[in-house]
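A quick write-up on the structure given underneath.
The values are calculated or read from the model by the stated rules, or taken from the named source; none is laboratory data. Here the structure is a predicted model, which means the values were calculated and not measured. Counting neighbours? That spans all protein chains shown, and the Cβs are built from the backbone with ideal geometry, glycine included. When the accessible area is computed, the model is the full protein with side chains, heavy atoms only, and any ligands, DNA or RNA have been set aside. Shrake-Rupley method; radii C 1.70, N 1.55, O 1.52, S 1.80 Å.
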Amino acid sequence: MKVLFGVDVGGTDIKLGAFDWKSQKLLKKWAIKTDLSNEGKQIIPDVAKEIQSYLCENALSEADVYGIGMGIPGPVDKDGNVEVCVNLFWNNFNPAEEMRKFFPHAYIQAGNDANVAALGEFVQGAGRKYKTMMLITLGTGVGGGIILNGDIVLGASGLAGEIGHIAVGSKDSGNCNCGNCGCVDQFASATGIVRRMKKILAENEGVSQLRKMRDFTAKDVCEQAKKGDPLAVKCVEFCMGVLGRAMAIFAHAFDPEVFVIGGGVSGAGALITNAIYKEYKKNFFLTDKKNNIILAELGNDAGIIGAAALVSEEGKFGYII
Ligand SMILES: [Zn+2]
């Protein structure tokens, strides 16, 4: 029996999935804590150890591993090289090459986590009926991944699809990590929504349940918006409007069949997609595709499913540079 492993490496934990190579069915998923000691050098050996334990428990050998795919939280070039990954303390590091030392006969690839999650939604999730799509993840930050005719769009520096740093928002957003102001990340991320809500509460006198909560989250803001809290509605429409404008730019650039919205914030469902669409259509006149903003389906599993898909067949999914 040949197995595939999909690994989603995060700064806090590492998610692993074992898949049947033939059916692509998920056999087991589990997670371990990310060991960031020694400049993240322990991460790949830890993952290798987990895979070896799985093989041992299931009476499999190294020869049964068809492929190991990995999603990394930072830019990864076409050769799998990671120039800088601040979350894992990696500098000029090639995680795939490192993994090959443990599994020299397996097909091993690494990609940026948003790109890998986009591939996951493309093969098994909301994008499976389409050829061209963009995944936008609204979590602590905003990530993006583009699939064009079945391949991942990488770009010269691995930065294609970085919608989080399109600066179409108001400049009063404060400084983004990238050094600019007004980035989508400053509004449409969970942290961005909370920051904007606090600003709206400070500048307006209206009644809001959120005033009674000391540490509200983006989820609280969305819940209050759903109940009709006018200040929360204002916040959601403002923040998602910034994203809608940025998406119109991407639509003009490569005209995807669908935009798939994922990440924790997308849990608010139609509240989010309707607010995005409202501003998107104001900025994209050429055609009106009413249903092309849809919700992701795989949740936290998109990363492991996409990472496994990356190595499901040598050369099946490539990169467009
Ligand atoms: Zn930025």
> Taking the range 147-183, which residues are of a type in the set (A, V, I, L, M), closer than 21 Å to Gly303 by Cβ and either open to solvent by 10 Å² or more (accessible area, probe 1.4 Å) or within 15 Å of the ligand (Cβ to nearest atom) (or both)?
Replying inline: Leu148, Val153, Leu159, Ala160, Ile163
> Quick check: anything in the range 152-171 touching a helix residue (DSSP H, G or I) at 6+ places or on another chain (Cβ under 9 Å), of a type in the set (Val, Ile, Thr) and under 17 Å from Ile272 (Cβ atoms)?
Replying inline: yes
>> Taking the conditions exactly as written (touching a strand residue (DSSP E or B) at 6+ places or on another chain (Cβ under 6 Å), in a helix (DSSP H, G or I) and within 16 Å of the ligand (Cβ to nearest atom)), does Gly192 satisfy them or not?
In response: no
> What are the residues in the range 309-321 that are within 9 Å of Val116 (Cα to Cα) and touching a strand residue (DSSP E or B) at 6+ places or on another chain (Cβ under 6 Å), if any?
Replying inline: Leu310
>> Any residue at all in the range 30-44 that's basic (Lys, Arg), assigned to a strand (DSSP E or B) and touching a residue at least 24 places away in the same chain (Cβ under 8 Å)?
In response: no
>> Please go through the range 173-202 and give me each residue that is free of Cβ contacts under 8 Å to residues at least 12 places away in the same chain and either in contact with a Lys or Arg (Cβ under 8 Å, 6 or more places away or on another chain) or aliphatic (A, V, I, L, M) (or both), ordered by number.
In response: Ala202
> Gln186 passes all but one of (1) part of a helix (DSSP H, G or I); (2) within 29 Å of Asn81 (Cα to Cα); (3) open to solvent by 20 Å² or more (accessible area, probe 1.4 Å); which number fails?
Replying inline: (3)
>> Here is a check on your reading of the model: is Lys131 touching a residue at least 24 places away in the same chain (Cβ under 8 Å), under 30 Å from Asn291 (Cα atoms) and surrounded by fewer than 24 Cβ atoms within 10 Å (Cβ to Cβ)?
In response: yes
>> Condition (residue is out of contact with any Ser or Thr (no Cβ under 7 Å at 6 or more places or on another chain) and more than 27 Å from Ser23 (Cα to Cα)) applied to the range 295-314: is it met by at least one residue?
In response: no
> If you take just the strands (runs of 3 or more DSSP E) that sit entirely in the range 70-178, which of them hold at least 1 residues that are outside the structural domain of Ile43 (by TED's automatic domain parsing) and either hydrophobic (A, V, I, L, M, F, W, C) or touching a Cys at 6+ places or on another chain (Cβ under 8 Å) (or both)?
Replying inline: 133-138, 142-148, 151-153
> List, please: which pairs have Cβ atoms under 9 Å, are six or more places apart or on different chains, and start with a residue in the range 47-58 that is open to solvent by 80 Å² or more (accessible area, probe 1.4 Å) and end with one that is of a type in the set (Ser, Thr, Tyr)?
Replying inline: none
> Out of the residues in the range 195-228 that are among the aliphatic types (A, V, I, L, M) and within 26 Å of Glu162 (Cβ to Cβ), which is farthest from the ligand (Cβ to nearest atom)?
Replying inline: Val221
